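The values are calculated or read from the model by the stated rules, or taken from the named source; none is laboratory data. Computed from a predicted model, the values in this text were never measured in an experiment. Glycine gets a Cβ as well: all are built from the backbone with ideal geometry, and neighbour counts include every protein chain shown. What goes into the accessible areas is simple: the full protein's heavy atoms, side chains included, and nothing from ligands, DNA or RNA. Shrake-Rupley method; radii C 1.70, N 1.55, O 1.52, S 1.80 Å.
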Amino acid sequence: MSTPINPPRVRGACPGALVPMAVADGLLVRLRIPGGRLPGPMVAAICGLAERYGNGLVDLSQRANLQIRGVTEAALPALTDALRELGLVNGEPAAERVRNVLCSPTCGLDPACAPVRPLAQALDAALADSPDLWAALPAKFSFVLNGGGQAPLADTVADVRFDALPGTGLFRVAVGGDQPGATPLGVCTADAVVNTALTLARAYVRLSNGRYRRLAALVAAEGTAGLATRVALAPMPLDTGLPGLRLEQVLGAHAGWVGLGFPFGGMSVQWLALVAHMTPALRLTPWRTVLLEGGGSDLVEIFQPTGLFILAPEDPRLALSACSGRGACDSGLTDARGDALALARVAPRLLARGHIHVSACAKGCAHPASALVTLTARGDQAYDVSLLAPAGGAAQWRGVTAARATSLVAALEAVYTHRMRADEDPAALITRLGGPAEVAALVEATIVA
Ligand code: SF4
């Protein structure tokens, strides 16, 4: 018998496997993986399901969840049953929405990373077993367990975070932010992490009483005194010495793993299945990257020539956004990702300091904010091209072909290269030269010359 499925959530809500989200290319089914580790055969099984029931695309969320895309309403019950058989679906939709626990993906691979994965799994199980929190916590309320080491979870925002203090066996407990921005409350031992997390979540529910959507807002309005009286924490040491994250610490070959990024954070199931066969297990990260356990430079030599993966932090594709586009989304008018990759080949300097976005319709799903350059598809399979604007914003060129858009971006690269002042980024250059209209004229002149 098929599993009953809850109605899909609307866009902007927090989806799961039991409550998928309706997005432009169908239903998005988000899998929360406690501890973020998936054995290779499990990855291969998920790829098979994504191919059978979805549109063949899988992507990574910024919370290290795996997302199956393009699922139809008709296919959803069978997919959910199959995921349940794999042990990837929690029994309660209400519990699933609060199981937002992220831990360091390098735990067990990097000797300098504290053993946070068992703590994350224990916290995940405790949340699933806490029905008083299921409806009371906001869906995006999240926990981070940062073990530190070579690739710390420093830049990931959380409501409640535990940052390992190197060489002490202790954790700094902080609320409402990333590692540098969160408000510290004190220090606890590893044994106290799960109880402290649950106590702070319950304290937030009582103190907020529905008035503040996130813990950071509660702390900004009322301070930390109400939270501090509910948890027994040791005072903070003066200098915690917590390091930050740089992508070179993650991507490429490292002692315990190979870090692979995927253009646009998404991948075809064929390639992900191939990767899964080359490693005992994958680690999911919030950096739109997976880590292959074990790894080694021989794997990098295999992946490098394919050009499909991002293996170095200077790869210009890291600064590209594009939605799934024509074929994957009913509203898609163009091959946004293919056209975006053509831009990356002609604009390495622009992408080193700015962001380029290609949208297959005016909705701009992949990057709602302004970008240095935005291509917005029109009904006639051509693009409007904008500088310093979001998708659908004021355009300097209207209805150009993808090839013409690539020429314009190449000319903008030349303008930037020849006119930039020391350490000036492209957006600052456009502003200094008078704005998008003036720079568009320079770009045209460059093409003519
Ligand atoms: S922006 Fe892309 S994914 Fe979003 S609705 Fe338009 S075509 Fe679909």
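Rolling a 1.4 Å probe over the protein chains gives residue 212 an accessible area of about 50 Å². Inverting the pair-averaged 1/r between distinct Cα atoms of the chain gives 23.3 Å as its Kirkwood hydrodynamic radius. Seen against the Cα atoms of the chain and their longest principal axis, helix 76-85 is set at about 50 degrees. Proximity of backbone amide H atoms, modeled 1.01 Å from N, is registered between residue 323 and 358, 360, 366 at under 5 Å, excluding neighbours fewer than 5 places apart on the same chain. Using equal-weight Cα scatterers in the Debye expression, the normalised intensity of region 100-236 in log10 at q = 0.09 Å⁻¹ is -0.23. Converting phi to 3J(HN,Hα) with the Karplus coefficients 6.51, -1.76 and 1.60 and the offset θ = phi - 60°, region 324-337 yields 5, x, 4, x, 9, 10, 4, 8, x, 9, 9, 7, 4, 6 Hz in sequence order, with x at every glycine or proline.
Using Cβ point charges alone (K and R +1, D and E -1), the dipole size of the chain about the Cα centre works out to roughly 800 debye. Largest GNM mean-square fluctuation among 194, 160, 58, using the chain with Cα springs under 10 Å: 194. Kirkwood's formula applied to the C-alpha pairs of region 243-340 gives a hydrodynamic radius of 14.3 angstrom. With the Cα gyration tensor of region 12-73 giving a ≥ b ≥ c as the square roots of its eigenvalues, does the rule (a/c under 1.5 for rounded; else a/b larger than b/c for prolate; else oblate) give rounded, prolate or oblate? Because a/c hits 1.5 or more and a/b fails to exceed b/c, region 12-73 counts as oblate.
I need the shape label for region 369-413. Rule: rounded when a/c is under 1.5, else prolate if a/b > b/c, else oblate, with a, b, c from the alpha carbon gyration tensor. Here region 369-413 falls in the oblate category. The equivalent ellipsoid that matches the C-alpha gyration tensor of region 316-448 spans semi-axes of 23, 14, 13 angstrom, in descending order.
Under the convention that each Lys and Arg Cβ holds +1 and each Asp and Glu Cβ holds -1, the size of the dipole of region 248-343 around its Cα centre is about 220 debye. Residues 168, 417, ordered by accessible area of protein heavy atoms at a 1.4 angstrom probe radius and largest first, appear as 168, 417. Take every pair of alpha-carbon atoms less than 8 Å apart whose residues are at least six positions apart; their mean separation over the length of the chain yields a relative contact order of 12 percent. Sorting 391-399, 340-348 by average packing, meaning the other beta carbons within 10 Å per residue, from highest down gives 340-348, 391-399.
In this structure the amide hydrogen of residue 389, modeled in the peptide plane, comes within under 5 Å of the amide hydrogens of 371, 374, none closer than 5 places in sequence on its chain. Dipole size of region 100-236 about its Cα centre, with +1 on Lys/Arg Cβ and -1 on Asp/Glu Cβ: approximately 380 debye, rounded to the nearest 20.
Couplings 3J(HN,Hα) for region 49-65, derived from phi with the Karplus relation 6.51 cos²θ - 1.76 cosθ + 1.60 (θ = phi - 60°), are 5, 5, 6, 6, 10, x, 9, x, 10, 10, 9, 9, 7, 6, 10, 6, 9 Hz, where x marks Gly and Pro.
3J(HN,Hα) couplings calculated from phi for region 165-175 with the Karplus curve 6.51 cos²θ - 1.76 cosθ + 1.60 (θ = phi - 60°) are, in sequence order, 8, x, x, 10, x, 10, 10, 7, 9, 9, 10 Hz; Gly and Pro show x. Which one of 431, 156, 196 has the biggest mean-square fluctuation once the chain is modelled by GNM with Cα springs under 10 Å? In this elastic network of the chain, the residue with the biggest mean-square fluctuation among 431, 156, 196 is 431. Its relative contact order, with pairs defined as Cα atoms under 8 Å and 6+ residues apart, puts region 316-448 at 19 percent.
Return the carbon/sulfur percentage of the accessible area of the chain, one whole number, probe 1.4 Å, all protein chains in place.
So the carbon and sulfur contribution to the accessible surface is 55 percent.
Taking every DSSP bridge with both residues inside region 316-448, close to 50 percent are antiparallel.
Here's the picture: charge each Lys and Arg Cβ at +1 and each Asp and Glu Cβ at -1 in the chain, and of 370, 67, 263 the one pushed furthest to the positive end of that dipole is 370. For the chain, a Gaussian network of Cα nodes joined below 10 Å ranks 366, 114, 64 by mean-square fluctuation, and the top entry is 366. Adding -39500 (n - 2.57) for every DSSP H run of four residues or longer, then dividing by how many residues the chain holds, sets the calculated 222 nm ellipticity at -9000 deg cm²/dmol. Of the GluC sites (Glu not before Pro) found in region 43-92, those in coil by DSSP whose Cβ has at most 16 other Cβ atoms within 10 Å are 73. Sort region 50-145 into rounded, prolate or oblate with this rule: let a ≥ b ≥ c be the square roots of the eigenvalues of the Cα gyration tensor; rounded if a/c is under 1.5, and if a/c is not under 1.5, prolate when a/b is larger than b/c, oblate otherwise. Judged from the Cα gyration tensor, region 50-145 comes out oblate (a/c at least 1.5, b/c at or above a/b).
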